[in-house]
Amino acid sequence: MLQALGKKYNTDKSHPSHSFQGKTYCDTYDRYFRDIRHEVKCVVEIGVLGGSSIKMWEEYFPNAVIYGIDIDDRAKVYESERIKIIIGDQNDADFLLKIKNEIGNIDILIDDGSHINRHIIHTYSVLKDNVKKFYIVEDLACSYESNNLHDIRKLWQGQDLNDENDDLKNYRHEIVDWFTKEIELIDGKDTKWNAIHFHNWIMMFEKL
Ligand SMILES: C[S@@+](CC[C@H](N)C(=O)[O-])C[C@H]1O[C@@H](n2cnc3c(N)ncnc32)[C@H](O)[C@@H]1O
């Protein structure tokens, strides 16, 4: 079902470009979300310009408020009765604290924002305690580069609004070190997560 909605709203989460062995991101998410989709009350997606994915989530989770976070204020146009847009930089500590307090409990968070490892890890460190079911990081192909192979500032709309003093470089060891730390926490039973799922270009923390 989610795959059909992804196609309806034309998010790349349903595109063959974002698939592996015939399964798109939507196929993967549907497997985890279909049994809980009526219970989900709050979904947060970081990175929403284009509006495709938040409209898909709005229809898929009929009882949820969908928060879209984006650095680009043009995203404001996607607000509706159940879609709330908050404009800010996911690497800004004050902004992260503001949304942490404003949003409260989150069932599912999807980080599809800057795709910069430092930003991903910073955002997680502030928002993880709010997340009750799934914390997801998308498009890890960007994270796995060992250096800045192309100019990530121009890769997609909104990306050029990041701090001009931030080199936006991704070093693979940053994300791998973070994964290793989180896996060690699970091994040591010292985390709230029951599982960490790795899929092609997606990782998901799950609280059962
Ligand atoms: C890949 S697009 C999101 C696509 C959307 N989720 C979808 O599937 O239709 C990435 C988004 O991240 C936003 N972005 C880039 N840097 C950001 C930052 N530091 N904080 C918040 N959003 C950021 C961009 O403005 C852009 O809208």
Task: Positive-end residue, segment 49-164 charge dipole about Cα centroid, Cβ charges, pick of VAL126, TYR60, TYR144 - done: TYR60
Task: Dipole moment magnitude, nearest 20 debye, the chain about Cα centre, only Lys, Arg, Asp, Glu C-beta charged - done: 760 debye
- [ ] Find the Rg to Rh ratio for segment 41-206, where Rh is the Kirkwood radius over alpha-carbon pairs and Rg uses the same atoms.
- [x] 0.95
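Explain nothing, just the number: dipole magnitude of segment 1-71 about its Cα centre with +1 on each Lys and Arg Cβ and -1 on each Asp and Glu Cβ, in debye rounded to the nearest 20.
Values: 9 positive and 9 negative charges, 36 e Å.
The dipole of segment 1-71 has a size of about 180 debye.
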TODO: Quick one: which residues, 5+ away or cross-chain, put their amide H under 5 Å from the amide H of GLY50? H built at 1.01 Å from N.
DONE: none
- [ ] Just reorder THR191, THR123 by solvent-accessible area, largest first, 1.4 Å probe, all chains present.
- [x] THR191, THR123
- [ ] Between ASP35 and ASN165, take the C-beta separation as r, use R0 = 41 Å, and let me know the FRET efficiency to the nearest 0.05.
- [x] 0.35
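What percent do you get for the relative contact order of segment 41-206 when only Cα pairs under 8 Å and 6+ apart count?
Details: 279 pairs, mean separation 32.5, N = 166.
About 20 percent, as a whole number.
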- [ ] Measure up LYS7/LYS128; LYS8/LYS84; LYS41/LYS189 against 23 Å on the Cα-Cα distance and list the ones that go over.
- [x] LYS7/LYS128; LYS41/LYS189
Task: Solvent-accessible area, 1.4 Å probe, carbon plus sulfur percent, for the chain - done: 49 percent
Open item on the list: In Å², and per residue, what accessible area does the chain have when probed at 1.4 Å with the other protein chains present?
Closed with: 48 Å²
Task: Karplus-derived HN-Hα couplings along segment 2-14 (A = 6.51, B = -1.76, C = 1.60, θ = phi - 60°), whole Hz, x at Gly and Pro - done: 5, 4, 5, 5, x, 5, 4, 9, 6, 8, 5, 5, 10
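The values are calculated or read from the model by the stated rules, or taken from the named source; none is laboratory data. These figures come from a predicted structure and were not determined experimentally. Positions of Cβ are generated from backbone atoms using ideal geometry, with glycine treated the same way; all protein chains shown enter the neighbour counts. All accessible areas refer to the heavy atoms of the entire protein, side chains included, with ligands and DNA or RNA removed. Shrake-Rupley method; radii C 1.70, N 1.55, O 1.52, S 1.80 Å.
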